[in-house]
Amino acid sequence: MLVVTVTPTYTGCPATAVINLDIETKLRSNGIENLRLEQRISPAWTTAWLSQEGREKLRKYGIAPPVEGTSKTGRISRLSSNEALVVACPRCGSDKTEKVSQFGSTPCKAAYRCRSCLEPFDYFKCH
Amino acid sequence: MTEPGDKIANDVFFDWLLRRGDTALVLGHRVSEWCGHSPVLEEDIALANIALDLIGQARLWLSLAGEVEGKGRGENELAYLRDAWDFRNLLLAEQPNGDFGQTMMRQFLIDAYQSQLLKALATSADNRVAEIAVKAGKEVDYHLDRSADLVIRLGDGTSESRQRMQAALESLWPYSGEMFKGDAVDQAVVAAKIAPSPEGLRTEWLSTVDAVFTEATLSKPETDFAHTGGLTGRHTEHLGHILADMQFLQRAYPGATW
(Lines give C-alpha, C1' and ligand atoms only; values in the text may rest on other atoms or scores of the structure.)
Protein backbone atom coordinates (compact mmCIF):
# COMPACT_ATOMS: atom_id res chain seq x y z
CA MET A 1 0.00 0.00 0.00
CA LEU A 2 1.28 3.43 -0.96
CA VAL A 3 0.74 5.98 1.82
CA VAL A 4 0.88 9.61 0.73
CA THR A 5 1.29 12.24 3.44
CA VAL A 6 -0.34 15.58 2.66
CA THR A 7 0.29 18.72 4.72
CA PRO A 8 -2.26 21.55 4.49
CA THR A 9 -0.95 25.05 3.78
CA TYR A 10 -3.54 26.66 6.07
CA THR A 11 -5.80 24.83 8.54
CA GLY A 12 -8.99 26.00 6.86
CA CYS A 13 -7.81 25.81 3.25
CA PRO A 14 -10.79 24.61 1.18
CA ALA A 15 -8.44 23.57 -1.63
CA THR A 16 -7.11 20.72 0.52
CA ALA A 17 -9.89 18.40 -0.69
CA VAL A 18 -9.17 19.30 -4.33
CA ILE A 19 -5.43 18.76 -3.87
CA ASN A 20 -6.11 15.34 -2.31
CA LEU A 21 -8.39 14.44 -5.22
CA ASP A 22 -5.74 15.57 -7.74
CA ILE A 23 -3.07 13.44 -6.07
CA GLU A 24 -5.33 10.40 -5.98
CA THR A 25 -6.49 10.83 -9.59
CA LYS A 26 -2.94 11.24 -10.85
CA LEU A 27 -1.67 8.18 -8.99
CA ARG A 28 -4.59 6.02 -10.14
CA SER A 29 -4.13 7.15 -13.74
CA ASN A 30 -0.56 5.88 -13.40
CA GLY A 31 -1.81 2.48 -12.34
CA ILE A 32 -1.35 2.79 -8.58
CA GLU A 33 -4.56 1.40 -7.10
CA ASN A 34 -3.50 0.42 -3.60
CA LEU A 35 -3.07 3.79 -1.91
CA ARG A 36 -4.10 5.84 1.09
CA LEU A 37 -3.82 9.59 1.78
CA GLU A 38 -2.97 10.82 5.25
CA GLN A 39 -3.15 14.37 6.54
CA ARG A 40 -0.35 15.52 8.82
CA ILE A 41 0.09 19.02 10.29
CA SER A 42 3.59 18.60 11.71
CA PRO A 43 6.16 19.70 10.65
CA ALA A 44 3.99 22.67 9.74
CA TRP A 45 3.90 23.54 6.06
CA THR A 46 6.15 26.42 5.13
CA THR A 47 6.78 28.40 1.94
CA ALA A 48 10.47 27.50 2.40
CA TRP A 49 9.50 24.11 0.92
CA LEU A 50 8.59 25.64 -2.43
CA SER A 51 11.04 24.61 -5.13
CA GLN A 52 12.52 27.10 -7.59
CA GLU A 53 10.44 25.43 -10.26
CA GLY A 54 7.30 25.85 -8.15
CA ARG A 55 8.08 29.53 -7.62
CA GLU A 56 8.53 30.08 -11.33
CA LYS A 57 5.22 28.36 -12.03
CA LEU A 58 3.49 30.67 -9.56
CA ARG A 59 5.04 33.73 -11.17
CA LYS A 60 4.09 32.59 -14.67
CA TYR A 61 0.53 32.07 -13.47
CA GLY A 62 0.46 35.68 -12.19
CA ILE A 63 1.08 35.09 -8.47
CA ALA A 64 4.20 36.70 -6.99
CA PRO A 65 6.12 33.97 -5.07
CA PRO A 66 6.96 34.50 -1.36
CA VAL A 67 9.91 36.69 -0.42
CA GLU A 68 11.55 34.33 2.09
CA GLY A 69 12.57 35.51 5.52
CA THR A 70 9.77 38.03 5.77
CA SER A 71 7.49 36.08 8.09
CA LYS A 72 8.69 37.26 11.48
CA THR A 73 6.81 35.84 14.40
CA GLY A 74 5.08 38.41 16.51
CA ARG A 75 5.61 41.16 13.98
CA ILE A 76 3.16 44.05 14.07
CA SER A 77 3.56 45.89 10.81
CA ARG A 78 3.04 49.44 12.04
CA LEU A 79 5.33 49.00 15.02
CA SER A 80 8.17 46.98 13.53
CA SER A 81 7.77 48.11 9.97
CA ASN A 82 7.97 45.70 7.07
CA GLU A 83 8.26 48.56 4.58
CA ALA A 84 11.44 46.93 3.31
CA LEU A 85 9.46 44.07 1.78
CA VAL A 86 9.76 44.46 -1.99
CA VAL A 87 7.43 42.30 -4.05
CA ALA A 88 8.14 42.38 -7.77
CA CYS A 89 5.13 42.50 -10.09
CA PRO A 90 4.71 39.03 -11.67
CA ARG A 91 3.54 40.60 -14.94
CA CYS A 92 5.98 43.42 -15.69
CA GLY A 93 8.70 42.76 -13.10
CA SER A 94 8.54 46.26 -11.63
CA ASP A 95 9.49 46.77 -7.96
CA LYS A 96 7.06 49.68 -7.70
CA THR A 97 4.23 47.76 -6.06
CA GLU A 98 2.03 48.30 -3.00
CA LYS A 99 0.01 46.13 -0.64
CA VAL A 100 -3.75 46.61 -0.89
CA SER A 101 -4.74 44.05 1.74
CA GLN A 102 -3.02 41.50 3.97
CA PHE A 103 -5.50 38.88 2.70
CA GLY A 104 -6.14 38.28 -0.99
CA SER A 105 -8.40 35.81 -2.77
CA THR A 106 -7.31 33.06 -0.33
CA PRO A 107 -5.74 33.17 3.19
CA CYS A 108 -2.30 32.27 1.80
CA LYS A 109 -2.15 35.34 -0.43
CA ALA A 110 -2.12 39.12 -0.03
CA ALA A 111 -3.62 41.55 -2.54
CA TYR A 112 -1.10 43.86 -4.23
CA ARG A 113 -1.16 46.33 -7.06
CA CYS A 114 1.60 47.34 -9.44
CA ARG A 115 2.17 51.07 -9.76
CA SER A 116 4.03 50.64 -13.06
CA CYS A 117 1.65 48.51 -15.14
CA LEU A 118 -1.31 49.32 -12.84
CA GLU A 119 -2.44 45.67 -12.70
CA PRO A 120 -3.61 44.08 -9.44
CA PHE A 121 -1.96 40.79 -8.47
CA ASP A 122 -1.80 38.19 -5.71
CA TYR A 123 1.30 37.81 -3.55
CA PHE A 124 1.88 34.41 -1.93
CA LYS A 125 2.75 35.33 1.65
CA CYS A 126 5.77 33.91 3.38
CA HIS A 127 4.48 31.29 5.80
CA MET B 1 8.60 19.50 23.36
CA THR B 2 8.84 19.56 27.14
CA GLU B 3 9.22 16.47 29.35
CA PRO B 4 5.82 15.17 30.50
CA GLY B 5 4.47 16.64 33.75
CA ASP B 6 1.77 15.28 36.08
CA LYS B 7 -0.87 13.01 34.65
CA ILE B 8 -4.08 14.81 33.77
CA ALA B 9 -7.62 13.40 33.90
CA ASN B 10 -9.18 13.06 30.44
CA ASP B 11 -12.30 15.02 31.31
CA VAL B 12 -10.21 17.97 32.53
CA PHE B 13 -7.99 17.93 29.45
CA PHE B 14 -11.14 17.66 27.30
CA ASP B 15 -12.56 20.76 28.98
CA TRP B 16 -9.37 22.73 28.32
CA LEU B 17 -9.33 21.66 24.66
CA LEU B 18 -12.95 22.77 24.28
CA ARG B 19 -11.91 26.23 25.48
CA ARG B 20 -9.43 26.42 22.62
CA GLY B 21 -11.74 24.92 20.00
CA ASP B 22 -14.91 26.74 21.01
CA THR B 23 -13.21 30.14 21.16
CA ALA B 24 -11.89 29.64 17.61
CA LEU B 25 -15.24 28.28 16.38
CA VAL B 26 -17.45 30.98 17.89
CA LEU B 27 -15.11 33.81 16.85
CA GLY B 28 -14.82 32.29 13.38
CA HIS B 29 -18.60 32.14 13.08
CA ARG B 30 -18.93 35.74 14.26
CA VAL B 31 -16.34 36.95 11.74
CA SER B 32 -18.05 34.96 8.95
CA GLU B 33 -21.22 36.99 9.57
CA TRP B 34 -19.46 39.87 7.80
CA CYS B 35 -19.32 37.93 4.55
CA GLY B 36 -21.01 40.11 1.92
CA HIS B 37 -21.49 43.05 4.33
CA SER B 38 -18.05 44.57 4.83
CA PRO B 39 -17.37 48.25 4.11
CA VAL B 40 -15.11 47.47 1.14
CA LEU B 41 -14.43 44.38 -0.96
CA GLU B 42 -10.86 43.85 0.32
CA GLU B 43 -12.05 43.83 3.92
CA ASP B 44 -14.87 41.46 3.05
CA ILE B 45 -12.38 39.02 1.56
CA ALA B 46 -9.94 39.42 4.44
CA LEU B 47 -12.64 38.75 7.04
CA ALA B 48 -13.87 35.67 5.18
CA ASN B 49 -10.28 34.39 5.07
CA ILE B 50 -9.76 34.97 8.77
CA ALA B 51 -13.03 33.20 9.55
CA LEU B 52 -11.81 30.28 7.45
CA ASP B 53 -8.52 30.09 9.37
CA LEU B 54 -10.36 30.18 12.70
CA ILE B 55 -12.81 27.46 11.71
CA GLY B 56 -9.88 25.38 10.44
CA GLN B 57 -8.19 25.78 13.82
CA ALA B 58 -11.43 24.92 15.61
CA ARG B 59 -11.58 21.67 13.63
CA LEU B 60 -8.11 20.65 14.82
CA TRP B 61 -8.83 21.48 18.48
CA LEU B 62 -12.27 19.86 18.51
CA SER B 63 -11.01 16.72 16.75
CA LEU B 64 -8.36 16.36 19.42
CA ALA B 65 -10.94 17.08 22.14
CA GLY B 66 -13.12 14.27 20.79
CA GLU B 67 -10.14 11.92 20.72
CA VAL B 68 -9.21 12.77 24.33
CA GLU B 69 -12.81 12.43 25.50
CA GLY B 70 -12.90 8.93 24.01
CA LYS B 71 -16.69 8.68 23.65
CA GLY B 72 -16.79 8.56 19.88
CA ARG B 73 -17.60 12.24 19.37
CA GLY B 74 -15.75 14.02 16.59
CA GLU B 75 -15.44 17.63 15.49
CA ASN B 76 -18.92 17.66 13.92
CA GLU B 77 -20.77 16.27 16.95
CA LEU B 78 -18.96 18.72 19.21
CA ALA B 79 -19.62 21.74 17.00
CA TYR B 80 -23.21 21.04 16.02
CA LEU B 81 -24.76 18.92 18.75
CA ARG B 82 -23.93 20.69 22.00
CA ASP B 83 -26.04 23.35 23.66
CA ALA B 84 -24.84 26.73 24.94
CA TRP B 85 -24.00 25.54 28.47
CA ASP B 86 -21.59 22.96 27.04
CA PHE B 87 -19.62 25.57 25.10
CA ARG B 88 -16.39 26.75 26.70
CA ASN B 89 -15.47 29.78 24.59
CA LEU B 90 -14.38 33.16 25.94
CA LEU B 91 -17.28 35.60 26.36
CA LEU B 92 -15.30 38.08 24.27
CA ALA B 93 -15.52 35.80 21.21
CA GLU B 94 -19.35 35.73 21.25
CA GLN B 95 -19.85 39.50 21.60
CA PRO B 96 -21.80 40.98 18.67
CA ASN B 97 -19.94 42.37 15.69
CA GLY B 98 -21.24 45.92 16.17
CA ASP B 99 -19.71 48.22 13.58
CA PHE B 100 -16.56 47.36 11.64
CA GLY B 101 -14.38 49.10 14.26
CA GLN B 102 -15.87 47.07 17.09
CA THR B 103 -15.22 43.85 15.16
CA MET B 104 -11.59 44.90 14.64
CA MET B 105 -11.15 45.79 18.31
CA ARG B 106 -12.55 42.41 19.43
CA GLN B 107 -10.28 40.70 16.91
CA PHE B 108 -7.21 42.62 18.06
CA LEU B 109 -7.76 41.88 21.78
CA ILE B 110 -8.14 38.16 21.03
CA ASP B 111 -5.39 37.97 18.37
CA ALA B 112 -2.83 39.52 20.75
CA TYR B 113 -3.78 36.90 23.38
CA GLN B 114 -3.91 33.95 20.96
CA SER B 115 -0.53 34.87 19.56
CA GLN B 116 1.06 34.75 23.07
CA LEU B 117 -0.77 31.58 24.04
CA LEU B 118 0.03 29.65 20.86
CA LYS B 119 3.72 30.58 21.11
CA ALA B 120 3.80 29.13 24.62
CA LEU B 121 1.84 26.02 23.55
CA ALA B 122 4.39 25.31 20.81
CA THR B 123 6.56 23.74 23.55
CA SER B 124 3.70 21.85 25.22
CA ALA B 125 4.53 18.46 26.75
CA ASP B 126 1.60 17.10 24.72
CA ASN B 127 2.88 16.73 21.19
CA ARG B 128 -0.61 16.96 19.64
CA VAL B 129 -1.19 20.32 21.32
CA ALA B 130 2.23 21.58 20.21
CA GLU B 131 1.57 20.58 16.60
CA ILE B 132 -1.74 22.46 16.44
CA ALA B 133 -0.18 25.48 18.17
CA VAL B 134 2.66 25.76 15.66
CA LYS B 135 0.27 25.45 12.74
CA ALA B 136 -2.32 27.90 14.12
CA GLY B 137 0.31 30.32 15.43
CA LYS B 138 1.55 31.10 11.94
CA GLU B 139 -1.96 32.03 10.87
CA VAL B 140 -2.72 34.07 13.96
CA ASP B 141 0.43 36.17 13.49
CA TYR B 142 -1.00 37.39 10.19
CA HIS B 143 -4.37 38.07 11.86
CA LEU B 144 -2.65 40.11 14.56
CA ASP B 145 -0.68 42.04 11.99
CA ARG B 146 -3.86 43.11 10.30
CA SER B 147 -6.08 43.76 13.33
CA ALA B 148 -3.34 45.83 15.04
CA ASP B 149 -2.87 47.82 11.85
CA LEU B 150 -6.59 48.56 11.54
CA VAL B 151 -6.96 49.50 15.21
CA ILE B 152 -4.17 52.03 14.68
CA ARG B 153 -5.54 53.37 11.41
CA LEU B 154 -9.09 53.76 12.74
CA GLY B 155 -8.01 55.00 16.20
CA ASP B 156 -5.60 57.54 14.76
CA GLY B 157 -8.03 58.34 11.95
CA THR B 158 -10.89 60.84 11.76
CA SER B 159 -12.64 62.15 14.86
CA GLU B 160 -15.59 59.88 14.01
CA SER B 161 -13.50 56.73 13.63
CA ARG B 162 -11.48 57.56 16.76
CA GLN B 163 -14.64 58.04 18.82
CA ARG B 164 -16.03 54.71 17.57
CA MET B 165 -12.80 52.85 18.37
CA GLN B 166 -12.67 54.36 21.86
CA ALA B 167 -16.30 53.30 22.43
CA ALA B 168 -15.49 49.79 21.14
CA LEU B 169 -12.51 49.54 23.48
CA GLU B 170 -14.57 50.66 26.48
CA SER B 171 -17.38 48.21 25.82
CA LEU B 172 -15.11 45.22 25.08
CA TRP B 173 -12.38 45.81 27.67
CA PRO B 174 -14.32 44.23 30.59
CA TYR B 175 -14.50 41.00 28.56
CA SER B 176 -10.72 40.81 28.08
CA GLY B 177 -9.93 39.94 31.70
CA GLU B 178 -11.41 36.45 31.35
CA MET B 179 -8.43 35.43 29.20
CA PHE B 180 -6.10 35.73 32.18
CA LYS B 181 -8.16 34.25 34.99
CA GLY B 182 -7.04 30.70 35.67
CA ASP B 183 -9.10 28.03 37.46
CA ALA B 184 -8.72 24.37 38.46
CA VAL B 185 -8.67 23.26 34.80
CA ASP B 186 -5.76 25.60 34.13
CA GLN B 187 -3.92 24.41 37.22
CA ALA B 188 -4.18 20.84 35.96
CA VAL B 189 -2.84 21.64 32.47
CA VAL B 190 -0.03 23.71 34.00
CA ALA B 191 0.93 20.78 36.27
CA ALA B 192 0.84 18.44 33.27
CA LYS B 193 3.10 20.92 31.41
CA ILE B 194 0.53 21.10 28.64
CA ALA B 195 -0.03 24.84 28.85
CA PRO B 196 1.22 27.98 30.61
CA SER B 197 -0.81 29.64 33.36
CA PRO B 198 -3.23 32.24 31.97
CA GLU B 199 -2.04 34.85 34.51
CA GLY B 200 1.50 34.59 33.15
CA LEU B 201 0.41 35.67 29.68
CA ARG B 202 -0.98 39.00 30.81
CA THR B 203 2.23 41.07 31.02
CA GLU B 204 3.29 40.48 27.45
CA TRP B 205 -0.28 40.87 26.20
CA LEU B 206 -0.47 44.23 27.96
CA SER B 207 2.77 45.39 26.39
CA THR B 208 1.38 44.57 22.92
CA VAL B 209 -1.99 46.24 23.46
CA ASP B 210 -0.47 49.26 25.22
CA ALA B 211 1.92 49.89 22.32
CA VAL B 212 -0.91 49.65 19.79
CA PHE B 213 -3.31 51.84 21.81
CA THR B 214 -0.63 54.52 22.21
CA GLU B 215 -0.06 54.60 18.47
CA ALA B 216 -3.83 54.52 17.91
CA THR B 217 -4.27 57.50 20.33
CA LEU B 218 -6.77 55.44 22.32
CA SER B 219 -7.07 55.47 26.12
CA LYS B 220 -7.12 52.11 27.83
CA PRO B 221 -9.93 51.90 30.44
CA GLU B 222 -8.76 52.05 34.05
CA THR B 223 -11.06 49.29 35.29
CA ASP B 224 -9.85 45.76 36.00
CA PHE B 225 -13.41 44.44 36.27
CA ALA B 226 -13.78 41.25 34.25
CA HIS B 227 -16.91 39.47 33.06
CA THR B 228 -16.30 35.73 33.40
CA GLY B 229 -18.24 32.51 32.90
CA GLY B 230 -17.74 31.62 29.24
CA LEU B 231 -14.96 29.15 30.05
CA THR B 232 -17.25 27.27 32.45
CA GLY B 233 -20.38 27.39 30.29
CA ARG B 234 -22.17 30.49 31.65
CA HIS B 235 -22.60 32.63 28.55
CA THR B 236 -24.06 35.97 27.56
CA GLU B 237 -27.41 35.93 25.75
CA HIS B 238 -25.61 36.15 22.41
CA LEU B 239 -24.28 32.60 22.23
CA GLY B 240 -27.71 30.97 21.92
CA HIS B 241 -28.45 33.08 18.85
CA ILE B 242 -25.13 32.13 17.26
CA LEU B 243 -25.84 28.44 17.85
CA ALA B 244 -29.40 28.72 16.50
CA ASP B 245 -27.88 29.97 13.26
CA MET B 246 -24.81 27.72 13.17
CA GLN B 247 -26.52 24.49 14.22
CA PHE B 248 -29.84 24.90 12.41
CA LEU B 249 -29.14 22.46 9.61
CA GLN B 250 -27.98 19.59 11.82
CA ARG B 251 -30.85 20.15 14.24
CA ALA B 252 -33.52 20.26 11.51
CA TYR B 253 -32.02 17.50 9.35
CA PRO B 254 -30.03 15.26 11.73
CA GLY B 255 -27.08 13.57 10.07
CA ALA B 256 -27.42 15.51 6.81
CA THR B 257 -24.25 15.46 4.72
CA TRP B 258 -23.38 16.58 1.19
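The values are calculated or read from the model by the stated rules, or taken from the named source; none is laboratory data. All of these numbers come straight from a predicted model, not from anything done at the bench. Because the Cβ atoms are built from the backbone with ideal geometry, glycine has one as well, and the counts that use them run over all protein chains shown. Surface accessibility is based on the protein's heavy atoms, side chains included, excluding ligands, DNA and RNA. Shrake-Rupley method; radii C 1.70, N 1.55, O 1.52, S 1.80 Å.
To put it simply, the accessible area of the protein assembly as shown at a 1.4 Å probe is 53 percent carbon and sulfur. In region B:1-145, Cα pairs under 8 Å separated by at least six residues give a relative contact order of 30 percent. Result for chain A in a Gaussian network model with C-alpha springs under 10 Å: among A:R59, A:R36, A:R113, the largest mean-square fluctuation is at A:R36. Between the alpha-carbon centres of region A:9-62 and region B:215-232 there is a gap of 43 Å. Inter-part distance, region B:1-24 to region B:93-167, computed on C-alpha centroids, equals 22 Å. Cysteines of chain A lacking any other cysteine Cβ under 4.7 Å from their own Cβ: A:C13, A:C108, A:C126.
Residues considered: B:A84, B:A188, B:A211. Largest GNM mean-square fluctuation over chain B, using C-alpha springs under 10 Å, is found at B:A211.
Could you tell me the relative contact order of chain B? Use alpha-carbon pairs under 8 Å, at least six residues apart, and round to a whole percent.
In percent, rounded to a whole number, it is 27.
Taking a ≥ b ≥ c as the square roots of the eigenvalues of the Cα gyration tensor of the protein assembly as shown, is the shape rounded (a/c under 1.5), prolate (a/b larger than b/c) or oblate? It comes out oblate by the Cα gyration axes. Scanning chain B for trypsin sites (Lys or Arg not before Pro) that sit in a DSSP loop and have at most 13 other Cβ atoms within 10 Å, the longest stretch containing none of them is B:72-180. Summed over both chains, the accessible area lost when A and B associate is about 2700 Å², using a 1.4 Å probe.
Based on alpha-carbon atoms, the Kirkwood radius and the radius of gyration of region B:1-50 give Rg/Rh equal to 1.30. Heavy-atom accessible area, probed at 1.4 angstrom with all protein chains present, ranks A:I41, A:I23 as A:I23, A:I41, highest first. Rounded, prolate or oblate, given the Cα gyration tensor of chain B, with a/c below 1.5 counting as rounded? Because a/c hits 1.5 or more and a/b fails to exceed b/c, chain B counts as oblate. Rounded to the nearest 10 degrees, the angle from helix A:52-61 to the longest Cα principal axis of chain A is 70 degrees.
What order do B:D149, B:D22 take when sorted by accessible area (1.4 Å probe), most exposed first?
The ranking, largest first, comes out as B:D149, B:D22.
For chain B, modelled as a GNM with alpha-carbon contacts under 10 angstrom, which of B:L90, B:L81, B:L121 fluctuates the most? With Cα springs under 10 Å in chain B, the top fluctuation among B:L90, B:L81, B:L121 is at B:L81.
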